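Q: Attaching a single structure in structure tokens format; questions to follow.
The values are calculated or read from the model by the stated rules, or taken from the named source; none is laboratory data. This one's a predicted model, so the numbers in the text were calculated from it and none came from an experiment. Neighbour counts run over all protein chains shown; Cβ positions are idealised from the backbone, glycine included.
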């Protein structure tokens, strides 16, 4: 609230009544003057977080000040006033010293959209009065610690009390974890309650700032940085519109800071920088000459060449996401991935894919490789043993050899049958017939030779077709 305080400069050198004022004293003596304050700092004594707070339970909604309910019904006076969520009970540090807590006022957050933050109990805020209501700003940077800026001694001094008391509890105690805001604070002046479940975490550090940064930072080690500069001054000369020292635009999103080990973060008022490899989860959008420090946690084998593939230089316009788990889901439409360059997937565990419809892989100008200790095509549901795939090249060689052997045997039989048919002994002499008829068994040899020859012809036709049995697109290794 607006208030004035008389600053009595002359009190520093008041002359005694029994002494005469010197000429110099009269000339240099500064007059008293008022100090006018429109805003005043205040300590937070209570925060309404939800409808369970006693102050809301005692409230009633104003039907004239509320729109209709979601079912179209009119708001009634017996409904709770949820607009009180976010209000704080406060004590002006100068204007309300020693006043009972029950007589103190409540203040609303000055904003309820955009970037909002409700304070913790025992933190310091700035209070102003507008339209006959009190409003508070965000917490005052009183301790320069990102997790909490509370001071437990403030209410003891300004409220003339031993500690912040809960006016709704018969025993006056707040029920919540006890936080210690000083490493050596063994006394109650450095211990107190920040909320019903919030506890001070002395390990959370603020982010290191670079010139021109805009940073959204929470109490818990999550942040969003909009920046252009980093520790490497050689990156300051960006590209295109950011040349000549213009830096490289970047957006760094971090959730859960890495364990603090650097000297700058040794104390609770120190700072840390983002670490994409050690922070809980990170998404880095970088550009220009800035090179990401991302390192894969596993080796990337090159299945074609049998060596370890190298990660490309991670500079230029890019987005890198790193976490312990990534889940991508599209509930009703497609999930699409497009790339002008390589698409690589590597895992130390299983790589699986399931489709209710067809599965299609196309390589329009190159080959498709499947490499594994064993490759199974389909599942054997009948309980019988799995059948191995036959090697086309070796089967072709084996079939050619088989047909060569069969044709060799058949040719031998043809020659033998022809020889037997032509070496037939017949009777000679004057009584012998001029053209003796061949014996019946010689005809059998001739018929057998012709049958063998026909089989040889068929084998040669089959042998000529063996090469066509091999696929020109699908190949398997041993």
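Q: Scanning region 36-64 for residues that are part of a helix (DSSP H, G or I) and out of contact with any strand residue (DSSP E or B) (no Cβ under 9 Å at 6 or more places or on another chain), which turns out surrounded by the fewest Cβ atoms within 10 Å (Cβ to Cβ)?
A: So in region 36-64, the residues part of a helix (DSSP H, G or I) come out as 54-57, 63-64.
Now drop any that are not out of contact with any strand residue (DSSP E or B) (no Cβ under 9 Å at 6 or more places or on another chain), which leaves 54, 56-57, 63-64.
Working: 54: 13, 56: 18, 57: 10, 63: 12, 64: 6.
Per the stated criteria, the residue is 64.
Q: Being outside any loop (DSSP other than H, G, I, E, B) and surrounded by fewer than 19 Cβ atoms within 10 Å (Cβ to Cβ) is the filter here, so list the residues in region 253-286 that pass it. Don't jump to the end; show me each part of the working.
A: Going through region 253-286, the residues outside any loop (DSSP other than H, G, I, E, B) turn out to be 253-255, 263-265, 271-272, 281-286.
Listed by number, the residues that qualify are 253, 255, 263, 264, 271, 281, 283, 285.
Q: Give 414, 426 a once-over and let me know the one that is assigned to a helix (DSSP H, G or I), at pLDDT below 85 and over 47 Å from the mean Cα position of the chain (by Cα).
A: Values: 426 fails: assigned to a helix (DSSP H, G or I).
The conditions single out 414.
Q: Which count do you get for residues in region 190-210 that are surrounded by 20 or more Cβ atoms within 10 Å (Cβ to Cβ) and touching a helix residue (DSSP H, G or I) at 6+ places or on another chain (Cβ under 8 Å)?
A: Of the residues in region 190-210, 2 are surrounded by 20 or more Cβ atoms within 10 Å (Cβ to Cβ) and touching a helix residue (DSSP H, G or I) at 6+ places or on another chain (Cβ under 8 Å).
Q: Oh, and also: Looking at region 451-478 only, could you name the residues that are surrounded by 12 or more Cβ atoms within 10 Å (Cβ to Cβ) and touching a residue at least 60 places away in the same chain (Cβ under 8 Å)?
A: Passing the criteria: 463, 466, 470, 475, 476.
Q: Restricted to region 146-165, and to residues that are part of a loop (DSSP other than H, G, I, E, B) and touching a strand residue (DSSP E or B) at 6+ places or on another chain (Cβ under 8 Å), which residue is farthest from residue 222 (Cα to Cα)? Even if it seems obvious, please write down each step before you answer.
A: We begin by selecting, within region 146-165, every residue part of a loop (DSSP other than H, G, I, E, B); these are 146-151, 159-165.
Cutting the leftovers down to touching a strand residue (DSSP E or B) at 6+ places or on another chain (Cβ under 8 Å) gives us 146, 148-151, 159, 163-164.
Details: 146: 11, 148: 14, 149: 17, 150: 20, 151: 23, 159: 35, 163: 31, 164: 30 Å.
Result: 159.
Q: Determine which single condition residue 112 fails, assuming it passes every other condition in (1) in a loop (DSSP other than H, G, I, E, B); (2) under 43 Å from the mean Cα position of the chain (by Cα); (3) crowded, with 18+ Cβ neighbours inside 10 Å.
A: Here residue 112 clears every test but (3).
Q: Now, a different point. Name the pairs: first residue in region 65-84 and in the same structural domain as residue 108 (by TED's automatic domain parsing) and surrounded by 11 or more Cβ atoms within 10 Å (Cβ to Cβ), second residue outside any loop (DSSP other than H, G, I, E, B) and modelled with pLDDT of 90 or more, Cβ to Cβ under 7 Å, at least 6 apart or on different chains?
A: Final answer for the pair search is 80/56; 81/56; 84/55; 84/56.
Q: Another question, then. Among the residues of region 218-264, count how many are touching a helix residue (DSSP H, G or I) at 6+ places or on another chain (Cβ under 8 Å) and at positive phi. Steps first, answer last, please.
A: Taking region 218-264 and keeping what is touching a helix residue (DSSP H, G or I) at 6+ places or on another chain (Cβ under 8 Å), we get 228-229, 247-249.
Remaining after also requiring at positive phi: 247.
Number satisfying all stated conditions: 1.
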